[in-house]
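Engineer: Just dropping this structure here.
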Amino acid sequence: MKAPQPFQYQGSKRLLAATILRYLPSGMPRLVEPFAGSAALSIACALKGSAARYWLNDCNQPLAELLRQIIHHPEKVADAYQSFWRDQSEMALTHYYCVREDFNRTRDPFLLLYLLARCVKGAVRYNANGLFNQSPDKRRLGTRPQTLRHNLMAVSTLLCGRALVTARDYHEVLVDCQPTDVVYMDPPYQGVCGERDARYFSGIVFEDFVDALTQLNERGIRFLLSYDGRLGGQHYGKALPAALDLTHVEIKAGRSAQATLLGRNAMTMESIYLSRSLAEEINLGANMHNLARGQQKIPSSLFSPALPI
Ligand SMILES: C[S@@+](CC[C@H](N)C(=O)[O-])C[C@H]1O[C@@H](n2cnc3c(N)ncnc32)[C@H](O)[C@@H]1O
């Protein structure tokens, strides 16, 4: 069965989730996602039945509330979407701008769902004041209400009664993690380098993030991190310190459409990093420890093609 998607989301790990799950143990008491976004990994994990409970967190409050409503009241969310979607048959673009204005005033999560479905390439954009400022996609009308209803019901079936949803800063979530938790982190890339990232509501500071990972290591909490990427020879994201003692795995994420347009045949690679406690538990990569990124040779066993879910 294909993992259901609650909404399209920039940076969603939906297509890579099945591959990433290969590096997580089965029988986890709880999987924690401090940067949940569309919760693609937790949804794929619930489909596979690898964790008993889930903690989904995203500091974007309306987004977290949308996830919560989808999990607990999928019919209500689907009804609201259906009414918005029908509304836009005429004057579709004007309708989109009205909804966007209403959302920026009210932070209503149902309005956010409509904007996520209708905005250009599903690419969320926020201005410096935190206002949603992405334009409507002029060619696409967004997911059909019936398809969306089906997806929302499926997400709810997988997570209802098993998931806690919060809208905190990731630091607070990590502090509250238990020794038996497994944490999956997918922070915003540019934000990690200390810049504001217009793609998301908020960014994070690299040094703070490294401190938080160090503390997780000290507490022996298992974690897996999606961090940086590579297109051809070009790396994105600041290298993580060797002192974190992480095991690096590269995943083939597919061919870059942009590079293909420019006549190059570059493959996009996504990196994941496993904490030592997690790598040891799944018997992975002792020889990868403490190597700087430039020195890393990826043995074939640590080089994963993306798998369908
Ligand atoms: C790369 S996206 C996660 C995508 C997600 N893995 C998925 O599959 O949809 C990063 C998310 O982190 C959230 N975020 C950014 N800064 C944060 C912070 N300081 N604390 C918690 N969440 C944060 C953003 O709102 C965004 O949704």
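Engineer: Name every residue in region 220-271 that is in a loop (DSSP other than H, G, I, E, B) and either in contact with a Phe, Trp or Tyr (Cβ under 7 Å, 6 or more places away or on another chain) or at pLDDT 65 or above (or both), in order of residue number.
Structural biologist: GLY220, ILE221, GLY237, LYS238, ALA239, LEU240, PRO241, ASP245, LEU246
Engineer: Could I ask something else about it? Return a yes/no flag: does region 19-32 have any residue that is surrounded by 19 or more Cβ atoms within 10 Å (Cβ to Cβ) and assigned to a loop (DSSP other than H, G, I, E, B).
Structural biologist: Yes - at least one qualifying residue is present in region 19-32.
Engineer: Looking at region 95-123 only, could you name the residues that are out of contact with any helix residue (DSSP H, G or I) (no Cβ under 7 Å at 6 or more places or on another chain) and among the hydrophobic types (A, V, I, L, M, F, W, C)?
Structural biologist: If the condition is that a residue be out of contact with any helix residue (DSSP H, G or I) (no Cβ under 7 Å at 6 or more places or on another chain) and among the hydrophobic types (A, V, I, L, M, F, W, C), then CYS98, ALA117, CYS119, VAL120, ALA123 are the ones that fit.
Engineer: Something else about it: Would you mind telling me which numbered condition in (1) more than 12 Å from the chain's Cα centre (by Cα); (2) at pLDDT 95 or above; (3) surrounded by 17 or more Cβ atoms within 10 Å (Cβ to Cβ) PHE35 fails?
Structural biologist: (1)
Engineer: Now a separate question. Can you list residue pairs whose Cβ atoms sit under 6 Å apart, with the first residue in region 49-71 being without any contact (Cβ under 8 Å) to a residue 60 or more places away in the chain and the second being within 13 Å of the ligand (Cβ to nearest atom) and among the basic types (Lys, Arg)? Count only pairs 6 or more apart in sequence or on different chains.
Structural biologist: none
Engineer: Could I ask something else about it? Could you list, in sequence order, the residues of region 87-132 that are aromatic (Phe, Trp, Tyr) and over 14 Å from LEU66 (Cβ atoms)?
Structural biologist: Listed by number, the residues that qualify are TYR96, TYR97, TYR126.
Engineer: Looking at region 272-283 only, could you name the residues that are part of a strand (DSSP E or B) and either modelled with pLDDT under 90 or within 10 Å of PHE223 (Cα to Cα) (or both)?
Structural biologist: Selection gives TYR273, LEU274.
Engineer: Just give me the residues in region 110-145 being of a type in the set (D, E, K, R) and either within 11 Å of TYR96 (Cα to Cα) or over 19 Å from the mean Cα position of the chain (by Cα) (or both), in sequence order.
Structural biologist: Scanning region 110-145 gives ARG118, ASP137, LYS138, ARG139, ARG140, ARG144.
Rundown of residues vs (1) touching a Lys or Arg at 6+ places or on another chain (Cβ under 6 Å); (2) within 13 Å of the ligand (Cβ to nearest atom); (3) more than 18 Å from LEU112 (Cβ to Cβ), yes/no style:
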position	(1), (2), (3)
GLN10	yes, yes, no
LEU15	no, yes, yes
GLY27	no, no, yes
LEU31	no, yes, yes
PHE35	no, yes, no
CYS59	no, yes, no
LYS76	no, no, no
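Engineer: Out of all the residues in region 120-142, which are out of contact with any Lys or Arg (no Cβ under 8 Å at 6 or more places or on another chain), of a type outside the set (A, V, I, L, M) and at pLDDT 90 or above?
Structural biologist: Correct list: SER135 only.
Engineer: Let me ask something else about it. Can you tell me which residue in region 37-57 is nearest to the ligand (Cβ to nearest atom), limited to those that are in a helix (DSSP H, G or I) and not small (Gly, Ala, Ser)?
Structural biologist: LEU41
Engineer: Here is a further query. Which numbered condition trips up ASP108, out of (1) over 26 Å from LYS2 (Cα atoms); (2) at pLDDT 95 or above; (3) exposed (fewer than 15 other Cβ atoms within 10 Å of the Cβ)?
Structural biologist: (3)
Engineer: Kindly establish whether PRO6 is buried (at least 21 other Cβ atoms within 10 Å of the Cβ), closer than 26 Å to ARG105 by Cα and within 13 Å of the ligand (Cβ to nearest atom).
Structural biologist: Here the answer is yes, as PRO6 does meet what is asked.
Engineer: Have a look at LYS76, LYS138 and point out the one that is free of Cβ contacts under 8 Å to residues at least 60 places away in the same chain, loosely packed, with under 14 Cβ neighbours inside 10 Å and assigned to a loop (DSSP other than H, G, I, E, B).
Structural biologist: LYS138
Engineer: Here's a follow-up. For region 163-186, enumerate the residues that are surrounded by 16 or more Cβ atoms within 10 Å (Cβ to Cβ), more than 10 Å from the ligand (Cβ to nearest atom) and in a loop (DSSP other than H, G, I, E, B).
Structural biologist: Across region 163-186, the qualifying residues are CYS177, ASP181.
The values are calculated or read from the model by the stated rules, or taken from the named source; none is laboratory data. Treat the numbers as computed from the prediction; the structure is a model and nothing was measured. When we count neighbours, we look across all protein chains shown, and the Cβ atoms used for this are built from the backbone with ideal geometry, even at glycine.
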